[in-house]
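To start, the structure itself, in structure tokens.
FYI, it's all coordinate maths here, none of it is from the lab. Not measured: the values here are computed from a predicted model. All Cβ positions, even for glycine, are placed from backbone atoms using ideal geometry, and neighbour counts span all protein chains on display.
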Amino acid sequence: MVLTEIIGILAGIFTTIAAVPQIVKAWRNKACKDVSPFMFVILILGVSLWTVYGIMNQDWPIIITNGISTILNCTMLVLIIKYGKQNTTSNR
């Protein structure tokens, strides 16, 4: 494995797991009123397109990391929709 492949795989891993702390925090607190759903919609579109690009080029690291990113970011979007407007009056 060459250095460029290692760097690419590491970049994919780190960008994939980047959403995990936010998902865990939203899940535990059952709140995410200050998180932008629009940002996650754009991010989901981007990582979905990267997944398609990986499929078209049969590039497994791109397929796997961006496929997982799509799932994680969709999970976060569901949490935003579910918990986004909750707890708005209790923090005043």
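General remarks:
- Selection count, region 13-40, where residues are under 10 Å from the mean Cα position of the chain (by Cα) and either assigned to a loop (DSSP other than H, G, I, E, B) or surrounded by 13 or more Cβ atoms within 10 Å (Cβ to Cβ) (or both): 8
- The one condition in (1) β-branched (Val, Ile, Thr); (2) part of a helix (DSSP H, G or I); (3) in contact with a helix residue (DSSP H, G or I) (Cβ under 9 Å, 6 or more places away or on another chain) that Thr4 fails to fulfil: (3)
- Tabulated pairs, region 38-65, first more than 18 Å from Ile7 (Cβ to Cβ) and free of Cβ contacts under 8 Å to residues at least 24 places away in the same chain, second in a helix (DSSP H, G or I) and small (Gly, Ala, Ser), C-beta under 7 angstrom, 6+ apart or interchain: Thr51/Gly67
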